[in-house]
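Visitor: Okay, handing you the structure first.
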Amino acid sequence: MDQLTQPAKLSEAEILPVLKQFITEVIGEEFVEDLDITAASSFTKDLEMDSIEIVAFSEKVKNYFGKDIDFTGWLSNMDLDQIISLNLGDITKYIQSCL
Amino acid sequence: MPVVELPHTRIHLQEMNKGAAETVLMVHGMFTNLSIWYFNIAPILAERYHVVLYDLKGHGMSDRSQHGYDLQSMSDELLALMNTLQLTSVHLAGYSYGGLIALKTAIRYPEKIKKLAVIESPNPYEQETMNVVDVYSKELLVHFVNGQGGHSPAKMGKRQLERRHRLYEFLLKESTIRQDMQQERHFFSNGGIKDIPHETLLIYGKDSDCVSAGLELQEKIKDARLLFVNGDHNIPVQEPFTIGNALKDFFETQD
């Protein structure tokens, strides 16, 4: 899934399912089944992701959306507490603003 | 997930600013993983350097290994990684146990290292300090997992708890990591540290239990400078921007 390149201009509603798929790949389908993943879901509180899983998620975002977004650069301006309390809506908005 | 196959294990690594003229290689500590660098410290260094982060075996997303956590084996792993990536020499930075691996690598392969940075490495002789570091490491994980400041362990979700539990069960009960580090207890006195020729930056937390180890390293390494920053053993999380900028300045400065 993260091999695709040059995604067309996507709406926020179109980006969210892509992020959900990445989360499924990172934490495993069996865990995702029990989760209600929405734009309001945060990395740690709701999705129970730890920092190395957020790294894996970030890599998938970078590989999929390509050079149009500097996802790591965006995250690097935040401290760790801010990063792990991000929700998928924040990330979707950021990605959408770059495409 | 980027991985490299080394002779005895498969290692997860992350690279930033590939193609830059010089490389900084970063080694995390016991019970943590490369994410300790990934979000804040590595991007600062990647403004100028090719940065290589990797998960030590048994940690993060690298393969598990029951044996070979002594400093010699871990420096062999580091060298194998450098060879696989065709890195002839690097600036090397290590945190805690990763700093001990960095020191060992600098002793054994001095020509492979340009400058050396050691953050919060304990003296393995001080088992009490090692235990404190162990406790800190556990709290650090809790901190990462929960996104909470300070050191107060907080409620974890079931999946996170199970992951943490599996990591500790494996490393502490099924691997030789504790025994291997016991055997390193004379590393500061017999390990050749006084022969390290590299320009070295030591970074320690003002309130850390490891301060005495920092002072001892400063005394033993000929060309070492000791920098204190606010915080304790957890300074990479407490002061990531201070540490990232200190490392960048240090690696950039010409003699």
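The values are calculated or read from the model by the stated rules, or taken from the named source; none is laboratory data. Because the structure is predicted, anything quoted here is derived from the model rather than measured. Cβ sites come from the backbone with ideal geometry, for glycine too, and all protein chains shown count toward neighbours.
Yes or no, residue by residue, for (1) without any contact (Cβ under 8 Å) to a residue 40 or more places away in the chain; (2) touching a His at 6+ places or on another chain (Cβ under 6 Å); (3) outside any loop (DSSP other than H, G, I, E, B); (4) surrounded by fewer than 20 Cβ atoms within 10 Å (Cβ to Cβ):
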position: A:Met49; (1), (2), (3), (4): yes, no, no, no
position: A:Ile52; (1), (2), (3), (4): yes, no, yes, no
position: A:Asn63; (1), (2), (3), (4): no, no, yes, yes
position: A:Thr72; (1), (2), (3), (4): yes, no, yes, yes
position: A:Met78; (1), (2), (3), (4): yes, no, no, yes
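Visitor: Can you confirm whether A:Ile83 is in contact with a Leu (Cβ under 7 Å, 6 or more places away or on another chain), buried (at least 19 other Cβ atoms within 10 Å of the Cβ) and modelled with pLDDT under 90?
Guide: yes
Visitor: Working only within region A:31-58, note down all residues that are more than 7 Å from chain B (Cβ to nearest Cβ) and more than 11 Å from the chain's Cα centre (by Cα).
Guide: A:Val32, A:Glu33, A:Asp34, A:Leu35, A:Asp36, A:Ile37, A:Thr38, A:Ala40, A:Lys45, A:Asp46, A:Leu47, A:Met49
Visitor: Here's another thing I want to ask about it. For region B:55-70, indicate whether the set of residues that are touching a residue at least 24 places away in the same chain (Cβ under 8 Å), surrounded by 23 or more Cβ atoms within 10 Å (Cβ to Cβ) and within 17 Å of B:Leu116 (Cα to Cα) is non-empty.
Guide: Checked region B:55-70: no residue is touching a residue at least 24 places away in the same chain (Cβ under 8 Å), surrounded by 23 or more Cβ atoms within 10 Å (Cβ to Cβ) and within 17 Å of B:Leu116 (Cα to Cα).
Visitor: Please work out if A:Phe57 is under 18 Å from B:Ile36 (Cβ atoms) and of a type in the set (A, V, I, L, M, F, W, C).
Guide: Yes; evaluated as a whole, the condition is true for this residue.
Visitor: May I ask you to list the residues in region A:65-99 that are closer than 27 Å to B:Arg159 by Cα and more than 10 Å from chain B (Cβ to nearest Cβ)?
Guide: Scanning region A:65-99 gives A:Phe71, A:Asn87, A:Leu88, A:Gly89, A:Asp90, A:Ile91, A:Thr92.
Visitor: Anything in region B:158-175 that is within 14 Å of another protein chain (Cβ to nearest Cβ), among the aliphatic types (A, V, I, L, M) and either within 14 Å of B:Gly58 (Cβ to Cβ) or in contact with a Pro (Cβ under 6 Å, 6 or more places away or on another chain) (or both)? List them, or say none.
Guide: Selection gives B:Leu167 alone.
Visitor: Could you pull out every one of the helices (runs of 4 or more DSSP H) wholly within region B:1-113 that has 3 or more residues that are more than 14 Å from chain A (Cβ to nearest Cβ) and modelled with pLDDT under 95?
Guide: Passing ranges: none, list empty.
Visitor: Restricting region A:19-47 to residues that are out of contact with any helix residue (DSSP H, G or I) (no Cβ under 9 Å at 6 or more places or on another chain) and in a helix (DSSP H, G or I), which is farthest from A:Gln96 (Cα to Cα)?
Guide: My answer is A:Glu30.
Visitor: Looking at region B:236-255 only, could you name the residues that are β-branched (Val, Ile, Thr), surrounded by 14 or more Cβ atoms within 10 Å (Cβ to Cβ) and modelled with pLDDT under 95?
Guide: B:Val237, the sole residue that qualifies.
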